[in-house]
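Student: My structure is below; once you've seen it, I'll send some questions.
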Amino acid sequence: LEYLTKKPEPDQIHLYAGWNHVSVAKRLITGNDTASDLFGQITNTSGHSVLKYHNASWITVPADEKISPLSSYWVFTGENQNITPKSDPIQSGTYTKNLDGGWNGFGIIGTGLEPAKNHMIPIGDTWTYVIGYDAKSQYYEEPIIRNGTGNQSDSRILMPWQGYWLYTTGNVTYQVTI
């Protein structure tokens, strides 16, 4: 009966020394949903700002910016550590992100383990590539290609709490309702 009393694992974002490409897989609770609230938990940024990529530009994320699912962020830490997002207990609703033609920072909504092709259904055939970043090794992962095969198959899993590069062939709105 241990399973009846065991608490669920807390939501955590695992960070490795160096650069990390992260996202939030759940809506954060109001009052604990800003860049400062989430990324302020990082104990050693070596003076680096939190960054995001939007509209073909790198942007420094202001401390008061609301952190939301479907977006991704680049954070630096001098040491391995975990940060704990404070997730809203109510996750139902519609989530939307406008994607520009070309490269976009992206993250998935939800903590289920689903293939890339399932996560990309809301944008149909407008996506071409999804590329993750392995923060532990500080290298990019092999790209996932729409209709790809083998190591580049779109059946590969997109991981919660990880950020991705997403290439789209035109401007498109990603929208999902939970």
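The values are calculated or read from the model by the stated rules, or taken from the named source; none is laboratory data. Quick caveat, the model's predicted, so the values are computed rather than measured. Cβ coordinates were reconstructed from backbone atoms using ideal geometry, including for glycine residues, and neighbour counts include every protein chain displayed. Surface accessibility is based on the protein's heavy atoms, side chains included, excluding ligands, DNA and RNA. Shrake-Rupley method; radii C 1.70, N 1.55, O 1.52, S 1.80 Å.
Student: I'd like the full set of residues that are farther than 16 Å from Ser71 by Cβ, outside any loop (DSSP other than H, G, I, E, B) and either aliphatic (A, V, I, L, M) or touching a helix residue (DSSP H, G or I) at 6+ places or on another chain (Cβ under 9 Å) (or both), limited to the stretch 153-178.
Tutor: Ile157
Student: Would you confirm, using the coordinates I've provided, whether Val130 is modelled with pLDDT of 95 or more, over 22 Å from Thr177 (Cα atoms) and under 13 Å from the mean Cα position of the chain (by Cα)?
Tutor: Working: modelled with pLDDT of 95 or more: yes; over 22 Å from Thr177 (Cα atoms): no; under 13 Å from the mean Cα position of the chain (by Cα): yes.
Here the answer is no, as Val130 does not meet what is asked.
Student: Which of the residues belonging to the stretch 125-178 are open to solvent by less than 50 Å² (accessible area, probe 1.4 Å) and among the aliphatic types (A, V, I, L, M)?
Tutor: Val130, Ile131, Ala135, Ile144, Ile145, Leu158, Leu166, Val172, Val176
Student: Still on this structure, please answer the following. Please indicate, with yes or no, whether at least one residue in the stretch 125-148 is in contact with a His (Cβ under 7 Å, 6 or more places away or on another chain), part of a strand (DSSP E or B) and within 16 Å of Ser23 (Cβ to Cβ).
Tutor: yes
Student: Does the stretch 91-123 hold any residues that are of a type in the set (Val, Ile, Thr) and in contact (Cβ under 8 Å) with a residue 12 or more places away in the chain, and which are they?
Tutor: Within the stretch 91-123, the first condition is being of a type in the set (Val, Ile, Thr), and the residues that meet it are 94, 96, 108-109, 111, 121, 123.
Matches in the stretch 91-123: Thr94, Thr96, Ile108, Ile109, Thr111, Ile123.
Student: Just to check your reading of the model, which residue among Ala56, Ala25 is hydrophobic (A, V, I, L, M, F, W, C), on the phi > 0 side of the Ramachandran plot and touching a strand residue (DSSP E or B) at 6+ places or on another chain (Cβ under 9 Å)? Can you show your working first?
Tutor: Numbers: Ala25 fails: on the phi > 0 side of the Ramachandran plot.
Step by step, each of Ala56, Ala25 is checked, and only Ala56 is hydrophobic (A, V, I, L, M, F, W, C), on the phi > 0 side of the Ramachandran plot and touching a strand residue (DSSP E or B) at 6+ places or on another chain (Cβ under 9 Å).
Student: Also, quick follow-up: Only one of these conditions is not met by Thr5: (1) under 17 Å from the mean Cα position of the chain (by Cα); (2) among the β-branched types (Val, Ile, Thr); (3) modelled with pLDDT under 95. Which number is it?
Tutor: If we test Thr5 against (1) under 17 Å from the mean Cα position of the chain (by Cα); (2) among the β-branched types (Val, Ile, Thr); (3) modelled with pLDDT under 95, just (1) comes out false.
Student: In addition: Which ranges mark the strands (runs of 3 or more DSSP E) fully within the stretch 37-115 that have 1 or more residues being open to solvent by 30 Å² or more (accessible area, probe 1.4 Å), among the charged types (D, E, K, R) and over 30 Å from Thr149 (Cβ atoms)?
Tutor: On the way: elements: 51-54, 57-60, 72-77, 81-83, 94-99, 102-106.
Those strands (runs of 3 or more DSSP E) span 51-54.
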